[in-house]
1. For segment 326-372, state which chymotrypsin sites (Phe, Trp or Tyr not before Pro) are in a DSSP loop and have at most 15 other beta carbons lying within 10 Å of their beta carbon.
2. Compute the projected area of the convex hull of the Cα atoms of segment 52-106, averaged over all viewing directions, and report it in nm² to one decimal place.
3. What FRET efficiency comes out for the pair GLU332/THR188, r = Cβ-Cβ distance, R0 = 35 Å, nearest 0.05?
4. List the relative contact order of segment 202-332 as a percent without decimals, with contacts defined as Cα pairs under 8 Å and 6+ residues apart.
5. I need the fraction of alpha carbon pairs in segment 156-277 separated by more than 21 Å, rounded to a whole percent.
6. Please identify which residues in segment 382-398 have an amide N closer than 11 Å to a label point set 7 Å out from the Cα of GLU246, following the Cα→Cβ vector.
7. Work out how much length SER346 to VAL55 would gain on full extension: take 0.36 nm times their residue separation and subtract the Cα-Cα distance, in nm to one decimal.
8. Ranked highest first by the average count of other Cβ atoms within 10 Å around their residues, in what order do 159-171, 29-41 fall?
Amino acid sequence: MNVRRLYHTARGIQGLAGTEYDSDVSPSLRRRLWLWRRGFLSRSDAIYDIDGHRVQDFITDYQRYVRTKRINGTWSVALSNKLLFHRVMQPFDDERMTVYGMVNDGSFHTVDTDGARFSTDGGVQSPSSVDSRHTNNAQTDTPHTANAHTNNAAQRVVEQLECDDDGKLVLKWVRGGGGNNVYLCSRTEDGYRVNGEHYADAEFRSLVSNLSEYLVCEHVEQGSFPADLYPKTPNTLRLITMYDEETHEPFIAAGIHRIGTTDSEPLDNFTQGGLSAEIDLDTGELGPGARPPNAGSESDSDSVSGQDAVSWHTTHPDTGAQIEGEHIPNWETIRSRVLEMASSASFLPYIGWDVIVTDEDGSFSVIEANSYPGLKSIQVHGPLLADDRVRRFYERHGVC
């Protein structure tokens, strides 16, 4: 085993141990030992129907944390680094969000310069700088004076919020994953809101100034279909693509529609109490939404179990919106385009795509992609290795 593989194995095992230590599920010691010997964490026993399926048909937690990390090899950085992934997605400009820049220790660095105005000294003025009505010192200078070339991170973010039509943007850590280290920001009459919390002007500027390596991204407005499922969070599709080296083409191995709840706000994360509805990959039809243990109330009307087990919802537990049987609009268009993107990045054989549907015509934006996507929200619907094509992929890459 080379040094790099040894390092990543150690890191993966460390992640496993940390996750088990933080687990909110406590099976008996005998059951826990049974799970550990087979590569599962206690939490998985509460989410997967391990006893109802062949245990060897599940990708275990050990395989996910340690072995799936190796699939993309050194190219995994193209997914784990969000700015690099943004560049990889350049041929698909209609499907990628705009990244205005990156804030790092108080400074602003421009990323997307399309439509920007070049200054006389060769630098770049963002449209927000040109159109801003504010300055660092809160003076009343004309828009083209004091702040036309500022690199002050807080000022540039404030200006961007001022010039955006919806007064919203997203700050996300360039290396973060799993919905962590994401700030959903919006402008209000008396300040700002960040992940639902109110911030006065000085507080917001202080937050931005203290961020390191955070991308300043456009806020992608979801279409009516995901908004109708739950309007208070962005509700994304998670699609896992695998590249078949025998046929030299990618395929979608699994897909779910993640749906936010009052527990998961401001995001739709399954592990934080959001719903996971399986997508029929042929038709785009949704199954019932699965909700992890210890989320929500035992009195949910269409929950088939209590808080100690996964609950299943044909309708949304908070809004009553129909889930099961609903169809993703123009699913065929979305599926085809995602496969086209996966084919263009065939050097990355394993990708977990997070996309948000923006229109009824099948338009969507890619929010981010993952090199070793989490599988609990996927395998809650059944074991991945029950599909022979998926099993061959994982076997070829030394996962199982």
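Read the figures in this text as sums done on the coordinates, not as results from a lab. Quick caveat, the model's predicted, so the values are computed rather than measured. No Cβ is skipped: glycine too gets one built from the backbone with ideal geometry, and neighbour counts run over all protein chains shown.
1. PHE347
2. 7.2
3. 0.30
4. Here the relative contact order equals 17 percent.
5. That tail contains 49 percent of the Cα-Cα pairs.
6. 388-393, 396
7. Value of the extension gain: 101.7 nm.
8. My ranking of the peptides, most packed first, is 159-171, 29-41.
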